[in-house]
1. Taking a ≥ b ≥ c as the square roots of the Cα gyration tensor eigenvalues, with a/c under 1.5 meaning rounded and otherwise prolate when a/b beats b/c, else oblate, which class fits the chain?
2. Pairs of alpha-carbon atoms within less than 8 angstrom and 6+ residues apart define the contacts here; what relative contact order does the chain have, in percent?
3. Given the pairs Lys164/Lys425; Lys43/Lys132; Lys206/Lys298; Lys298/Lys425; Lys163/Lys425, which are separated by over 25 angstrom at their Cα positions?
4. At 0.36 nm per residue, and after removing the present C-alpha to C-alpha distance, how many nm does the segment from Phe494 to Asp337 gain when stretched out fully?
5. Considering the dipole of the chain built from charges on the beta carbon (Lys and Arg +1, Asp and Glu -1) around the Cα centre, which of His443, Val95, Trp176 is farthest to its positive end?
6. Using only the Cα atoms of segment 173-296, build the gyration tensor, take square roots of its eigenvalues as a ≥ b ≥ c, and label the shape rounded, prolate or oblate: rounded if a/c is under 1.5, else prolate if a/b is larger than b/c, else oblate.
7. Note down the net charge around Gln140, summing +1 for each Lys or Arg and -1 for each Asp or Glu among other residues with Cβ under 12 Å from its Cβ.
8. Near Arg368, within a Cβ-to-Cβ distance under 12 Å, what is the net charge of the other residues, with Lys and Arg +1 and Asp and Glu -1?
Amino acid sequence: MARRSLVCRALLDNAAVGTDPVSRLSPFALARMAFRASKENRKSVSLWRALSARAVVVAPSMQPSDMSMVLGAFARLRYRDREMMLRIAESTPVVLGQFGATEITHYLAAFARLDVEHRLVFNLFAREIARKLHDFSAAQLGELVYAYARLNFRHGLLLDVLKKRIIEVVKAMQPWHLAMVANGFARLGTSDERFFSILAAEICRKIPEFEGKPLALVANAYARLAVRNRFLLELLGDEAFRRRGELEPQAIALLLNAHSRLQMSNPVLFDYFAQDIPRRVRNHNLQSLCMVASAFAKSRKGDEALFAKIGDHVCAHASELYPRALASLLFAFSEADIRHGVLFYNAPEHVLANVNIYTTDELCMVGRAYGHFLMAHTPLFETISQALPGRTLAMPEADCNKQALEEDADIEDAEDPTNKLAAPKISALVGLLEAYARLTIYHGETNILLCDAIVARQSDLVPALVIKVARACAALSFAHDGVIRLAAQCMTEFGQQLPDEDFDALGQALEDLGVLGEDRHLMLACWSALD
């Protein structure tokens, strides 16, 4: 046996050298060689190139088991050869009906793990999955949900079928499978109260078996879908605190973020990690620190020692900063009302150097943070003003519903951080206008641009935002007709429902803009008639 193993190892080592044995392998032998090489964790680049080249040649004659085995081997070692994968995908429809549950699962999981999108193949397999649904085990159902969610393929009919089958076999699912299902449906934005209630009941039943990371993934999934299952979240929080020594930094960040997004108080958890994270801050990466800072800011728990430590660590690793991380950190510090001098002093340099890769949302977050602390950094705001005309600030009506479903500024949800074509959140535009007003920076073109965009998206506005816009325009002495009309409508339609403080603030803003004179009712009626 030892000699046979040495012969096989020599064969693998010399796969692409001299007389190449890989180039003569049949599909069956190629699949077995790839599987063995991945299992033995052999990372010779020449070997995998030879395997890939041979797979491209023999792909049309491969059987489903060969395809899934080759793809699974590459995925296991995170080796991606797009040409090979697309070649196999081209050959798949011919043998689609021969795929079994195991082959389908491994095939799709490989594409998902290597982040290779192929919409045709995933749509074809959706029908096969529905046809052979009862052949899939509970674990395989979790893998399928993960595969479609990882590549963001929303196939409504397939998801409905999977939900029904998962409900039938939910008791056979292990903790990791439950976490994958919950997180997968959360990624796809598929909220179903009955389905998630059944899932929550099974998670609660098996909570002692959960490890730290699955706990965090479940909490994050329910938070992303805004499913306020208080019993489950409290149970997850208690179990996480019991296992606090086992939690990885990313799991800690996800748990804290879930509680803050659902506005569920857990003082013990937050107080403990407010002391523990500064001690272990070196173990955290930028993403987890951003999520931690955001969670504490949303929960109105501005622990100065924690934020100071986060700021110091970020400044020490400034070379690793990227736009979303910096914007999220600055915004979190402003929400917590904690000023970190070194971070805020050096941040504009990063923005000025990389403004082209900042999204409009991120630029608004940066501007709002500096406006909150009354830091009138002229070059920064000049750069933001120059960048805005080339951005999409208002969206066509056809895209409004899609934007509403996907709108979320949290860092873990940022799927395309360089997409400048996406319209920013309406609250971000209002916040940036407020920042200009607080800092008394009058930039005529920017004021017109922001106000026009806000008025164009009036369907997204709520009275609180209208009041902020009106006050900002009043502070800038900028009488924008559209804003005045919106403020007048807000006063007439919601005036009786507004708190006294908001009503007075809106009235004062309208008066400063020259709308309310001696006869307030007459002036408001005139502006409302302009609609």
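1. prolate
2. On the way: 633 pairs, mean separation 35.5, N = 531.
In percent, rounded to a whole number, it is 7.
3. Exceeds cut-off: Lys164/Lys425; Lys43/Lys132; Lys206/Lys298; Lys163/Lys425.
4. Numbers: separation 157, 0.36 × 157 = 56.52 nm, distance 3.08 nm.
Separation in residues times 0.36 nm, less the Cα-Cα distance, equals 53.4 nm.
5. Value: Val95.
6. prolate
7. -1
8. Details: positive: Lys425, Arg438, Lys468; negative: Glu335, Asp361, Glu362, Glu434.
Overall, the nearby charge balance is -1.
Read the figures in this text as sums done on the coordinates, not as results from a lab. Because the structure is predicted, anything quoted here is derived from the model rather than measured. Neighbour counts are summed over all protein chains in view; Cβ atoms, including those assigned to glycine, are modelled from backbone coordinates with ideal geometry.
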